[in-house]
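Engineer: Before I ask anything, let me first share the structure, which is written out below as structure tokens.
The values are calculated or read from the model by the stated rules, or taken from the named source; none is laboratory data. Note that the coordinates shown come from a computational prediction; the quantities given were computed from them, not determined experimentally. Here the Cβ positions follow ideal geometry from the backbone for every residue, glycine too, while neighbour counts run over all protein chains shown. Ligands, DNA and RNA are stripped out before the accessible areas are found, and what is left, the full protein with its side chains, is counted by its heavy atoms. Shrake-Rupley method; radii C 1.70, N 1.55, O 1.52, S 1.80 Å.
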Amino acid sequence: MSKRKVLSYLFIFSLSLMTWAEDGSKLWLRSPMPTNITLRIDSTMPNDDGYRISGRTVTARTQMGLLYGKYALLRGEQGESHPFYKLRILNHWDNLDGTIERGYAGNSIFWGILNSEFLIHNNSHSKNNIQLSTTNHQLLQHYAEACASIGINGTVLNNVNASPKILTSPYINKVKEIAGILRPWGIRVYLSVNFGSPKALGELKTADPMNPQVRKWWKKKVREIYKMIPDFGGFLVKANSEGQPGPFDYGRSHADGANMLADALEPYGGIVMWRSFVYGAKHQGEDRVKQAVSEFAELDGQFRDNVILQSKNGPLDFQPREPYAPIFDQMKHTAQMAELQITQEYLGQSKHLVYLAPMWQEFFSFVEPTRLVGIAGVANIGLDTNWCGHHFSQANWYAFGRLAWNPTLTSEQIAKEWLNQTFGSIHNSQFIFHNDTSLKLASMMLRSREACVDYMMPLGLHHIFKFDHHMGPEPDGFKADYPIEWCPVYYHRANKDSIGIDRSNTGTNATSQYREPYRSLYDNIETCPDEYLLWFHRVPWTYRLKSGLTLWEELQKHYNHGVNEADDFINIWQQAKPYIDEQRWQEVEDLLRFQQQDARNWRDVCLKYFGQIQSNRIKP
Ligand code: GCU
């Protein structure tokens, strides 16, 4: 082993010791690091940052492998492990003014309120002399270590609804600074870009991807970025979606747009993650859940090799439960990534305890992990002292990283690991937590997602949230001036006889986008699983489900079950009291009580509304 190699991995190791000691209380990284770990480089191992653990010896081919292995040893792993995906990326929806779209844990850790956005708005001529807020190196190191401890190796620093200003030199300088802090932890930076940037920044009259000046502009911009950040990862793009500019504005396809950016990035090894979350553009009027496939299936095979199509797990929008998105079946010649939402936009935000690993595992039970080349998670991280708003929301950040490393891990294993590291103490180089308590808490975590589905929108109901902020129920939501796709009544269509959307071959035929056996399974009301019933079918209130209960009875049963679960979470938490420090116990307790009230409110509002509709006391 060369001297340089030994020194540099020792450097990472000691850096990590430093940050562990410095602020233990906030994350799962909290105990003093054991000192008796041996690290070895073995150049015959596969070149993928994997590791082998035997006793207290960690062997790896790369320095990152050693770092990953060290954390694995702490959580009790032995044997060999290699990352399933090469791309394990957080997507921060952070705005340059420091706010976070769908962020529930304070402002951005990257972009401060003191930053230049204000100055640019108010003095556009001096945009090259602006002062960006000071970067908090210590905070970002801690963030990076947390990410590295679970194998995350990339991060998109800004919102998909991207400000063009991210591509101006003051911001690129700041990105360079951030990249420098994250680099020792094996984390590459990526940026969301606004497709209309050359025009929006006033540098060209068009952003048409076929225009030679536009192509040149992007090439020059990419060159400028790589000069500053040689290991820059690439771009994430939301185009022609929810008002964002895109190639469609110029009569061009998504492939034309993505390929132009891909050509600019290709010489440097950069990638384009092009999002398929589109609706209301070319296929306006069509069932919203069908529009991504309608838009992209015909482009399959037309994308450059360094373009990856990034799609949400479900075809609508991060609902508590959705069937998987059929775009994963349809694109056979295009590299694909799944986008999961760690931040709980539609699952009680940072106020409900909802552990998301079971939802993601469910997704992987339909979409073979091998169909994907990477995985992205919309981050739930902010400046809050506990990073994620709710102590248990940290478990979702943790679970995302662990599943991105190994999508076959069980939700239970991940929950236990997280509990041990978060609330346990270290014995014999491993985290241990009081066993009975740990089991009860794990069971609470494992049941929490289904509980949330039950008290919010069981049996395939979806999108009956309060307008815009999505916290709380609004089943009667309808305003003539909303786009229809944002109205809850559009999604449940309840009247006195029935409820749900017919997406079978007698309706919108969304079922036809699925591969067999799911196409037939979902298409037939008799075989459609209960959990997707009202997603795919319009069902009479008196219809008898597999349980023998009518739809209306079954709906009530689910809502009540969800509420009972929220009650039980409080009991479990009471029992955990002796084993948790006072501050964290109380903070979680307060939130669980809020969750209990909110669950009741969901049940009461929804059952009252649907009850009145079916008894014809109110009209939808
Ligand atoms: C959801 C979310 C938006 C977000 C969008 C997206 O609609 O509410 O805030 O911008 O998804 O994923 O692009």
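Engineer: Counting only other residues whose beta carbon sits under 11 Å from that of residue 250, what net charge do I get with K and R as +1, D and E as -1?
Structural biologist: Net charge around residue 250: -1.
Engineer: Roughly how many nanometres apart are two label points built 7 Å out from the Cα toward the Cβ at residue 176 and residue 524?
Structural biologist: 6.4 nm
Engineer: Same structure, new question: Ranked highest first by the average count of other Cβ atoms within 10 Å around their residues, in what order do 466-474, 268-276 fall? Could the numbers behind the result be given before it?
Structural biologist: Working: 466-474: 14.6, 268-276: 23.0.
So the order, starting with the most tightly packed, is 268-276, 466-474.
Engineer: Mean residue ellipticity at 222 nm from the helices of the chain, using -39,500 (n - 2.57) per DSSP H segment of n ≥ 4 over the full residue count, to the nearest 500 deg cm²/dmol? Display every interim value, and only then the final one.
Structural biologist: On the way: 19 runs with 239 residues, N = 620.
Mean residue ellipticity, 222 nm, calculated: -12000 deg cm²/dmol.
Engineer: With all protein chains present, how much of the accessible area of the stretch 517-620 (probe radius 1.4 Å) comes from carbon and sulfur, to the nearest whole percent?
Structural biologist: For the stretch 517-620, the apolar C and S fraction of the accessible surface comes to 50 percent.
Engineer: Which listed residue (233, 194, 364) has the Cα farthest towards the positive end of the charge dipole for the chain, taking +1 on Lys and Arg C-beta and -1 on Asp and Glu C-beta about the Cα centre?
Structural biologist: Of the options given, the answer is 233.
Engineer: With a 1.4 Å probe and all protein chains left in place, how much of the accessible area of the stretch 371-448 comes from carbon and sulfur atoms, in whole percent?
Structural biologist: 49 percent
Engineer: Please give the Cα centre distance for the stretch 171-234 versus the stretch 341-412, rounded to the nearest Å.
Structural biologist: Here the two parts' Cα centres lie 28 Å apart.
Engineer: In addition: Keeping every protein chain present and rolling a 1.4 Å probe, give me the accessible area per residue for the chain in Å².
Structural biologist: 38 Å²
Engineer: Oh, and also: Quick one: ranking 99, 134 by accessible area, 1.4 Å probe, largest first, what do you get? Write down the numbers at each step before the final one.
Structural biologist: Details: 99 60, 134 130 Å².
From most accessible down to least: 134, 99.
Engineer: Related question: Aspartates and glutamates within cross-link reach of residue 70: Cα-Cα under 18 Å, excluding same-chain residues under 8 positions apart?
Structural biologist: Leaving aside aspartates and glutamates fewer than 8 places away in the same chain, those within reach of residue 70 are 42, 48, 49, 80, 145, 417.
Engineer: Can you tell me the mean projection area, over all orientations, of the convex hull of the stretch 400-525's alpha carbons? Units nm², please. Display every interim value, and only then the final one.
Structural biologist: Values: hull surface 48.4 nm².
Value for the stretch 400-525: 12.1 nm².
Engineer: Let me ask you something else. When the Cα atoms of the chain are enclosed in a convex hull and the volume is divided per residue, what value in Å³ results?
Structural biologist: Per residue, the Cα convex hull of the chain comes to 158 Å³.
Engineer: Can you pick out the pairs among 332/546; 205/282; 174/351; 557/619; 86/332; 220/290 whose Cα atoms lie more than 26 Å from each other? Don't skip to the answer; put the middle values down first.
Structural biologist: Numbers: 332/546 36 Å; 205/282 23 Å; 174/351 32 Å; 557/619 24 Å; 86/332 20 Å; 220/290 37 Å.
In this structure, 332/546; 174/351; 220/290 exceed 26 Å between Cα atoms.
Engineer: Can you say what percent of the DSSP beta bridges in the chain, counting only those with both residues inside, are antiparallel? Round to 5. Provide the component values of the computation, followed by the final result.
Structural biologist: Working: 15 of 51 bridges.
Counting only bridges with both partners in the chain, antiparallel ones make up about 30 percent.
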